[in-house]
Structures are given as structure tokens and as C-alpha cells.
Amino acid sequence: MKQICVVGVGYVGLVTAACFSDLGNRVIALDINEERIAGLKRGEMPIYEPGLEELVERNVRAGRIKFTTSYAEGLEGTDFAFIAVGTPSGVDGEADLRAVAASAKSIAENMRDSLIIINKSTVPVGTGDWVAEIVSSNQPEPIPFSVVSCPEFLREGSAISDFMQPHRTVLGSLDPEAAEKVAQLHLPLRAPIVITDLRTAEMIKYASNAFLATKISFINEIANICEELGADVKEVAVGMGYDKRIGPFFLDAGLGYGGSCFPKDVKALAYMAAEKGRHPQLLNAVMEINDDRRPMVVRQVMELVGDLKGKTVGLLGLSFKPNTDDMRDAPAIDIAKMIQAYGAKVHAYDPVAMEVAAPLMDGVEMFSDPYSMAADCDALIVVTEWNEFKNLDLERICEKMRSPVLVDGRNIYDPAVMAKIGYTYRGIGRGYNGSYHNGEVEHEVIASPTGV
Ligand code: UGA
């Protein structure tokens, strides 16, 4: 049985700690936030993540996971210390590494035996070397240690299954023996393990997130073109996805990416490139396309209902994606602000994120169910594709609305069905520009597709 300390009990840290304990290791989860640790000791999760509470509870009962705010206690008898603290974006897009530096320093001051320090947070290329520097310069007396980079690839909402069934484990270190020991920890997960140097491992994480963000911006650009040319981006994505070189994933056009990872990581990679005098053209375009998604959906509502002054627009969903209450860089925040700036009222409903969202969304009226939320609305926008929205009583909603306009920012409904119910329906990139009547698409007849 190995002993592991995980520093940071946010999404990444707590999931990592709980999953390693479930694999049979002894884990101490450490955070300097006393409130969070006290809550965890009482069985209260600081975040919403499906399955996490049960997983933590099971391993607390089995005596495999404990919580502390003390580095001395956390590091006592520990073989591995994971750093899984936040790395938010600074003003220019550079990652803010203050929490990483503080934890490296505290680890240095409190370690009593040789230790493998593992960076799990997404950190700029070169941070592993910098952490090693901080540790050696803050140790009261030299104790051997190694730094390994082991970037996380967990998606919020499915973080536990992503941990337990990873596509791969990436490890980077200048100490092959340390990397080998960390690889052993991951063997029960039965995934390919890539062992490389520190900087390459750090880069793999940024390149992976930037590539996924690129796929999203790519399909959103195609969606824009589909709208103009009368094609359906959902079917375009299906047709493309069968090509194994392209793959079917991350080709959902809509309101673009939000959350705590893609926006920050694409920006940070572009920053690292620019700082070295490179012009990150593609990354800049990815961000520019993504930035336009939020105003775009507001423009679409205005095309359908006209001037927003005095009107009411309802938001179905607030969190940046389903199965989380995370509101970091959630499109809903910007969309609500823009609608309010045009003089309209905003109603909102989300199955889990309303408590977290309320303080971030001044003047937005929250409702406890989607039906009362939709009452008297002039338009609805699907912002988050929660499963429960796919099974709503849409006839009931249609009757309650002042005017049944629905802009489906995540393409969850069938345009023909929506038109039959009586909605003026608009999806994203679905190429009929609102001209969907009696279940029939009305395409503009193009005399010659080449325009000749
Ligand atoms: C993402 C990555 O998927 C994880 O592999 C990575 O570990 C994590 O960032 C991280 O760096 O910590 P996450 O931000 O939780 O995970 O969420 P995703 O499911 O990747 O979705 C990100 C955003 O892209 C969401 O706003 C989602 O709505 C949007 N998205 C996703 C689309 O607009 N279209 C798609 O086809 C897929």
C-alpha cells in the first residue's frame, strides 16, 4: 500500500485523491482552505461532481482517505505528493502560479523523507524545473526528491470515469526511476503510459486541450458557413466523424467552449508562444471564433424577436456544460449581461448551478423549474445541454411563452418537431435560417451553386 498526499481539493485534487484511495492506496488530501477541509471531514463536498460523494464516503469508511490542512501531517510517511492546486489566468493570459509556488515551498519546508513531487495542475512548460528549484532552495536541509509531471485529462462531470478509464497516462521527468515509480501507481488503470521529459509532458497537456478547442472552433466556423449555404452542421459532423482520422468527438457546434480549462489553456499557450516571439495564428483564430459565439446567439434572438427592450428572455441552463455546477467562464454569464444591456429581463433555470450562478448574475431571476421560468418569455435560449431539457414537455412550455421563440444554442431539439409544436425555432448551423414551416425546410433555391 502506497501513501499519497494530494495538495488541493478542487476538481482535480479531490477526484485524484478519492480515486487513488479507491485503488487501495492510503491518501491524505490537503488544502490550506480550512472551511473546505472541515466540510470534507463532515462529508460535504466542496464541488458537484457525479459519484464523488459516494466515492469519498466509501473510502473514508474504509480508512483509506483523510483530510488535513497541515503539511507536516500530510507529508508524514508519504511516498508521493501530488500538486493539484489552481492555476488561473493572469491578465495577459499567463498562468498564475502563486498557488503552485506556495505548495512547493510548503512541501520543501515540511518533507522529512525522500519524496516524489508530482505536478498535476496544468502548468506552463518549464514549471517542473521551476518547482524543483523552489523545493531545493526552501528545504531546511537537503533531502532527496524528484519532480514528475503527470498532467490530468479529467473532464468535469465525468472526472471519475476519466480517471479510472484514461485514454493514456503521461509522465515526464528527468529522473527515469521516479517516473517508473509513478507509472507503477497508475498500472491498475491499464492504460498506455507515455514516459518522456518534464517539458514535453507539460506541452502534451497544452497541445491536447488546444487541439480539442480547435476542433470546437472549427466546427463552429463550419456551422456559420452551413447557415449561409443551407447545410446542416449536425449531419456534417456525423458524416465527417466516421473518418477515423477525424473522429466523431468534439464536433458539436454551439455556443463554444467555456469552463476553467480550454479558455485558460489556449490563452496561456498563445501567451507562451508570443512571449518567445512566435505568432500563434491558429490559436488566435480559435479564440476569436469562440469569443463570437456568445454575441452571436444574442444576435439570433434579436433577429427573431426584434428589439429586446422591455422583453423577457429565458435561459435553459447556466453551467458551462452539463453535470457540473461550475460557472467559470460559462457562456450564460456573458449572454445574460448582453441581453440585459439591450434592455430585456433575463429568466433562468439550471438543475444544479443556480446557487453558484446567482451571485455572478446580477438581476437575473432564477426559477425552481423550467416551466415557470418560461412563462411570459418572449424567447428561450438553450445554453447548456442538460439531459432533462431533452425530455421537457415542450407543448406546455410553448403555451406558457408570450411568443414561442426558441434558439437552441446546443442543437438538442429536432427542428421539424419544434416547428410542428408551433415554435419559431433556430438551431446553430442548421442552415434554414428560421424558415422552418410545417415540418418542411424551406431552402432558398440556388440557380447555380457556383454563383455563375
Ligand atoms: C477539458 C478536457 O476535455 C479535459 O481532457 C481536460 O483534462 C480538462 O479540460 C482540463 O484541462 O482540466 P472540461 O473543461 O471539463 O475538460 O470540459 P469538456 O467536456 O472538454 O468541455 C469544454 C467546453 O467545450 C464546454 O464548454 C463544452 O460545452 C464545449 N464543447 C465541447 C463544445 O462546445 N463542443 C464539443 O463538441 C465539445
> Rg(Cα) of the stretch 234-302 divided by 2.2 N^0.38 Å?
Replying inline: 1.35
>> Just to be sure I understand the rule: take each whole DSSP H helix in the chain, project its Cα atoms onto its long axis, keep it if the span is 30 Å or more and its mean Kyte-Doolittle hydropathy is at least -0.5. Which ones pass?
In response: 198-229, 281-305
>> I need the Debye-formula profile for the stretch 98-215: one equal scatterer per C-alpha, no solvent, reported as log10 I(q)/I(0) at q = 0.19, 0.22 1/Å, two decimals.
In response: -1.04, -1.27
> Which far-off residues, 5 or more places away or on another chain, put their amide H under 5 Å from the one on ALA95, with H placed in the peptide plane?
Replying inline: GLY90
> What is the Cα convex hull volume of the stretch 1-122 when expressed per residue in Å³?
Replying inline: 102
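Where nothing but the Cβ of Lys and Arg (+1) and of Asp and Glu (-1) is charged, how large is the charge dipole of the stretch 213-340 around its Cα centre, in debye to the nearest 20? Walk me through the numbers on the way to the answer.
On the way: 16 positive and 18 negative charges, 70 e Å.
So the dipole magnitude of the stretch 213-340 works out to roughly 340 debye.
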> Using alpha carbon centroids, what distance separates the stretch 403-420 and the stretch 150-208, in Å?
Replying inline: 41
>> Cross-link candidates for LYS66: which aspartates and glutamates have Cα within less than 13 Å, leaving aside residues fewer than 8 places away along the same chain?
In response: ASP22, ASP31, GLU57, GLU76
> For the chain, what is the percent of antiparallel DSSP beta bridges, rounded to the nearest 5?
Replying inline: 10
> Considering only DSSP states other than H, G, I, E and B, which chymotrypsin sites (Phe, Trp or Tyr not before Pro) in the stretch 257-344 qualify as loop sites with at most 16 other Cβ atoms within 10 Å?
Replying inline: TYR342
>> Explain nothing, just compute: Karplus ³J(HN,Hα) = 6.51 cos²θ - 1.76 cosθ + 1.60, θ = phi - 60°, for every residue of the stretch 153-161 in order, whole Hz, x for Gly and Pro.
In response: 10, 8, 9, 4, x, 9, 5, 5, 5
> Listed highest first by mean packing, meaning other Cβ atoms within 10 Å per residue, what order do 205-212, 116-123, 57-64 come in?
Replying inline: 116-123, 205-212, 57-64
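Taking only the Cα atoms of the stretch 151-237, how large is their convex hull per residue, in Å³? Provide the component values of the computation, followed by the final result.
Details: hull volume 9.2 nm³, N = 87.
Dividing the Cα hull volume of the stretch 151-237 by its residues yields 106 Å³.
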>> A 21 angstrom limit on the alpha carbon distance is what I want to check against. Which of LYS2/LYS181; LYS205/LYS337; LYS215/LYS244; LYS264/LYS321 exceed it?
In response: LYS205/LYS337
> Quick one: net charge of VAL233's neighbours, Cβ under 11 Å, K/R +1, D/E -1?
Replying inline: -3
> For the chain, what is the largest minus smallest coordinate of the Cα atoms on each principal axis, given in angstrom and ordered from greatest to least?
Replying inline: 77, 53, 38
> When ranked by the protection proxy of mean other Cβ atoms within 10 Å per residue, highest first, what sequence do the peptides 164-170, 15-21, 28-34, 389-395 form?
Replying inline: 15-21, 28-34, 164-170, 389-395
>> Show me, for the stretch 314-323, the HN-Hα J-couplings you get by feeding each phi into the Karplus relation (A = 6.51, B = -1.76, C = 1.60, θ = phi - 60°), rounded to Hz, glycine and proline as x.
In response: x, 9, 8, x, 10, 4, 5, 6, x, 6
> In sequence order, what are the phi-derived ³J(HN,Hα) couplings for the stretch 62-68 according to the Karplus relation 6.51 cos²θ - 1.76 cosθ + 1.60 with θ = phi - 60°, rounded to whole Hz, with x for glycine and proline?
Replying inline: 7, x, 9, 10, 10, 10, 8
>> What translational diffusion coefficient, to the nearest whole µm²/s, does the stretch 112-156 have by Stokes-Einstein, given a Kirkwood radius computed over alpha-carbon pairs, a temperature of 10 °C and 1.306 mPa s viscosity?
In response: 137
>> Please give me, ordered by residue number, the trypsin sites (Lys or Arg not before Pro) of the stretch 223-262 that lie in loop per DSSP and have at most 16 other Cβ atoms within 10 Å.
In response: LYS244, ARG245
> Binned at 5 Å from 0, what are the whole-percent values of the Cα-Cα distance distribution for the stretch 318-365, short to long?
Replying inline: 5, 25, 36, 22, 10, 3, 0
>> Can you tell me which aspartates and glutamates have their Cα less than 12 Å from the Cα of LYS400? Leave out same-chain residues fewer than eight positions away.
In response: ASP376, ASP378
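Where a number appears in this text, it was derived from the coordinates with a stated rule and is not lab data. Since the model is a prediction, treat every value here as computed from it, not as a measurement. Positions of Cβ are backbone-derived with ideal geometry, glycine not excepted, and every protein chain shown enters the neighbour counts.
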